[in-house]
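These notes are about the structure you will find just below.
Derivation of every value follows stated rules applied to the coordinates shown; laboratory data play no part. Everything numeric in this text was worked out from a predicted model, so none of it was measured. Note that we place each Cβ from the backbone using ideal geometry, even for glycine, and neighbour counts take in every protein chain shown.
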């Protein structure tokens, strides 16, 4: 069984971590404002959820203003030092800010399974230390409450949240897959226990629903292997749970929409997924990831002209300052891909060249854009320009996957 678990872990994680592409996804959001009283009443959870400062912090969080969100969640924690929920809020935002800085939040990578092996920029050692400190603090508070009352539903829920966030951290930052798997499983079991204690605790269905979809998506051989450790589920139940979370009034409603849209994309239910992204794009206008995913969905569903227009709108909004210093320039990659699909190689090259026009482009995005521009120049029979682009790719980072392709294209011109 040990061998089966080792074989199953990375394949299981290919799916389980798909839900981590934006914000806290299914891994982080918690019921804000829950008191440390240990009450087990779902009604009391709802009544205590709204805290103006927490609401403001989450608004900044979903608008990707992580610095302000961290400051506000720190104030909440200072006010409630013994509340594990307050710790989890700060932990989630600290983790997401670092993942964004590392370049690990590009929506396009999470539409398939290849991202699991992609290493981005290394994490800041000080931030890693801070994350571990917050994980330890949350765990200590949760265990303290559970020793007093093992059926404290809020404490069980909070522990599941901490474990889920730690799973995301150990997978995407430490690349420690088995540790990530153990924590992901622990999070699911905690939230299943929450639903046993309080069936109306809809927010707990986020983790459970995501895991059910994951289990239903696994190849039968892997599904059989993980069943040995007591895990099972179906895609139908997963999507049903996620829809309930998305439709609910709980704090996880936004995350439910994000994860549901991601899984619907995998099911090729593009219209429903796009509707969810559009709703969130309107609600959080300073977050470029929502309209970017909406544009991606238009492109993959065959609406190429609409997709190109959507990418251009993101670019124009970014140039107008709507997204501040966020790396909205990634939309130029999507624009290039859209034009490339239309065989407009000149337009695609021009789109890829847009990335270099921003003052401080994301280095991975810039390298991908330079490689793609070189490929377009090759297709346009502009070999000198193509080679210069490939050389630029090598100068930026000679050990990356784009650099490997650039070396190949220098030796032999790119052809479709």
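In terms of the Cα gyration tensor, with a ≥ b ≥ c the square roots of its eigenvalues, is the range 298-408 rounded because a/c is under 1.5, prolate because a/b exceeds b/c, or oblate?
Because a/c hits 1.5 or more and a/b fails to exceed b/c, the range 298-408 counts as oblate.
If you average the C-alpha positions of the range 138-215 and of the range 262-306 separately, how far apart do those two centres end up, in angstrom?
That distance is 29 Å.
Hey, what did the range 264-305 get for relative contact order, percent, Cα under 8 Å, at least 6 apart?
That works out to 39 percent.
Classify the range 278-350: rounded, prolate or oblate, from the alpha-carbon gyration tensor (a ≥ b ≥ c, eigenvalue square roots; a/c under 1.5 rounded; otherwise prolate if a/b is larger than b/c)?
Judged from the Cα gyration tensor, the range 278-350 comes out oblate (a/c at least 1.5, b/c at or above a/b).
So how much slack lies between residue 384 and residue 234, counting 0.36 nm per residue of separation and subtracting their Cα-Cα distance, in nm?
Answer, rounded to one decimal: 48.7 nm.
What is the order of 177, 220, fewest Cβ neighbours within 10 Å to most? Please list the in-between numbers first.
On the way: 177 18, 220 7.
Fewest-to-most ranking of 177, 220: 220, 177.
Treat the count of other C-beta atoms within 10 Å as a stand-in for reagent exposure and order 312, 79, 415 from fewest to most.
Values: 312 17, 79 11, 415 8.
Ranking 312, 79, 415 by Cβ neighbours within 10 Å, fewest first, gives 415, 79, 312.
Mind ranking 208-218, 145-155 by how tightly packed they are, going by the mean number of other C-beta atoms within 10 angstrom, highest first?
208-218, 145-155
Return 379, 206, 178, 242 ranked ascending by Cβ neighbour count within 10 Å, so the fewest neighbours appear first.
Ascending Cβ contact count within 10 Å gives the list 178, 379, 242, 206.
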